[in-house]
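Taking it in order: structure first as structure tokens, then the write-up.
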Amino acid sequence: MQKSPQSALEEVNRELINWSITRVEQYSGGRLSELSTQHWNDYEDFPGGHVCFPKTGYSVITKLLADGLDVRLNSKVTEINYQAKDFNIKVHIETGEVMEADLVVITVPLGVLKQSVVNPSQSAVIRFVPPLPEAKVQAISRLGFGVVNKVILKFAEPFWPQDKDFLGFCSEIREEFYFAFNILKHTGVPIIMFFNGIEFSNQIEEESDEAIISRVMQKLKLCFKSTSQLEAYHITRWRSDQYSRGSYTFLPVGSSNADILTLSQPLEERIFFAGEHTHEKCFSTTNGAFLSGIRAAQFCMATERE
């Protein structure tokens, strides 16, 4: 039965509205029902153009910043003890080693802080001795930490528009593989990276790789006349990552930038906090994480001079 023009238009409009809702949720990190109408968009765009690191990824930045420093990998912190009133902070490592420091900068993601001080369990938790002040605990509790997962696909040959940076995919199922970044344009390698909505991102955490790949291939075959051989893939599962427990911060109902400011404040002028969740204007972004790190370093330098 052929659809009437009015019915077809309503279907298109519904799919466009669904796409727009998913875009807001994925961009923010929280479900539409969770986002604070007053504060959800309380961040500022960073000036300058967008930059892509096709060959090195973010490691080009971290390697440059770490040059000449004593960086110890595979050293999982289990406890930060700042009970002593002098600058003797004890940092306990999972191996049993205890490091002593005058100052400490805590940069773990908000999801790890939530698990550590709001919903503590025995896995991937940092114990604070004494416990963090109640104001910080409440701020950590009120802030939202969303899950946005991506599916990256490498094909033998490209079959999508090669000159576009981004591709949007509208359908009745609004959450799944709705938006894609064309990595081919920047690398010459036929790779496309799909973003997903919040609900489906959480579903990805539970489903098998085979099920996810089957669904994305079905969508591609609906959108394009033909596809090519899938050679490799990567699926993120940020909620399951014990060192992340989510993707990035959002402001739900009942929270505001004031919670971010509370979390960002130094503790006893010797424990400092950094990360995207501590930057009141650039939360949820890489530049927010970077700028908060600079701020924490400046706090440390000022403390040492005193």
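The values are calculated or read from the model by the stated rules, or taken from the named source; none is laboratory data. Not measured: the values here are computed from a predicted model. Quick reminder, even Gly has a Cβ in these numbers, built from the backbone with ideal geometry, and neighbours come from all protein chains shown. Areas reflect the complete protein model, heavy atoms only, side chains present, ligands, DNA and RNA absent. Shrake-Rupley method; radii C 1.70, N 1.55, O 1.52, S 1.80 Å.
Reported count of residues in segment 189-200, each being β-branched (Val, Ile, Thr) and in a helix (DSSP H, G or I), is 1.
A Cβ distance below 6 Å, combined with a sequence gap of six or more or placement on separate chains, defines the contacts here; from segment 255-279, residues that are in contact (Cβ under 8 Å) with a residue 40 or more places away in the chain and surrounded by fewer than 21 Cβ atoms within 10 Å (Cβ to Cβ) reach residues that are among the charged types (D, E, K, R) and assigned to a loop (DSSP other than H, G, I, E, B) in the pairs ASN257/ASP42; ASN257/GLU280.
Per-residue answers, yes or no, for (1) surrounded by fewer than 17 Cβ atoms within 10 Å (Cβ to Cβ); (2) farther than 24 Å from ARG14 by Cα; (3) of a type in the set (S, T, N, Q):
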position	(1), (2), (3)
VAL151	no, yes, no
GLN162	yes, yes, yes
ASP165	yes, yes, no
ILE192	no, yes, no
ASN196	no, no, yes
GLU205	yes, yes, no
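Looking across segment 265-294, the residues that are closer than 20 Å to ALA101 by Cβ and not in a loop (DSSP other than H, G, I, E, B) come down to LEU267, ILE271, PHE272, PHE273, THR278, SER292, GLY293, ILE294.
Search segment 207-229 for residues being under 27 Å from GLN242 (Cα atoms) and open to solvent by less than 30 Å² (accessible area, probe 1.4 Å), and hand back the single one that is nearest to the chain's Cα centre (by Cα). Going through the qualifying residues, I end up with ILE212. Take segment 35-58 and flag every residue that is among the hydrophobic types (A, V, I, L, M, F, W, C), open to solvent by less than 80 Å² (accessible area, probe 1.4 Å) and free of Cβ contacts under 8 Å to residues at least 60 places away in the same chain. Answer for segment 35-58, where residues must be among the hydrophobic types (A, V, I, L, M, F, W, C), open to solvent by less than 80 Å² (accessible area, probe 1.4 Å) and free of Cβ contacts under 8 Å to residues at least 60 places away in the same chain: just PHE53. Scanning segment 59-94 for residues that are surrounded by 12 or more Cβ atoms within 10 Å (Cβ to Cβ), more than 18 Å from VAL112 (Cβ to Cβ) and among the basic types (Lys, Arg) returns a single hit, LYS90. Among the residues of segment 24-74, which ones are modelled with pLDDT of 90 or more and basic (Lys, Arg)? Passing the criteria: ARG31, LYS63, ARG72.
Just to verify a result, which residue in segment 1-23, among those that are modelled with pLDDT of 80 or more and among the basic types (Lys, Arg), is least open to solvent (accessible area, probe 1.4 Å)? Restricting to residues being modelled with pLDDT of 80 or more and among the basic types (Lys, Arg), the top hit is ARG23.
Got a number for residues in segment 280-294 being open to solvent by 10 Å² or more (accessible area, probe 1.4 Å), among the small types (Gly, Ala, Ser) and either closer than 25 Å to ALA84 by Cβ or over 14 Å from the mean Cα position of the chain (by Cα) (or both)? Of the residues in that region, 1 qualify.
Residues in segment 167-188 that are under 26 Å from PRO109 (Cβ atoms), assigned to a loop (DSSP other than H, G, I, E, B) and open to solvent by 10 Å² or more (accessible area, probe 1.4 Å): 3 in all. Among the residues of segment 230-254, which ones are surrounded by 14 or more Cβ atoms within 10 Å (Cβ to Cβ) and in a strand (DSSP E or B)? Passing the criteria: LEU230, TYR233, ILE235, TYR248, THR249, PHE250, PRO252. Among the residues of segment 126-137, those identified as buried (at least 16 other Cβ atoms within 10 Å of the Cβ) and not basic (Lys, Arg) are ILE126, PHE128, LEU132, VAL137. Inside segment 162-197, residues that are within 23 Å of the chain's Cα centre (by Cα) and at positive phi make up a count of 1. Is there any pair linking a residue in segment 144-168 that is closer than 19 Å to SER214 by Cα and of a type in the set (Asp, Glu) to one that is open to solvent by 40 Å² or more (accessible area, probe 1.4 Å) and part of a loop (DSSP other than H, G, I, E, B), with Cβ under 8 Å and at least six apart or on different chains, and which? Taking only residues 6 or more apart or on different chains, the pairs are GLU157/GLN229. Look at segment 97-122: where a residue is at negative phi and a partner is open to solvent by 40 Å² or more (accessible area, probe 1.4 Å) and assigned to a helix (DSSP H, G or I), sitting 6+ places away or on another chain with Cβ atoms under 6 Å, you get VAL118/SER141.
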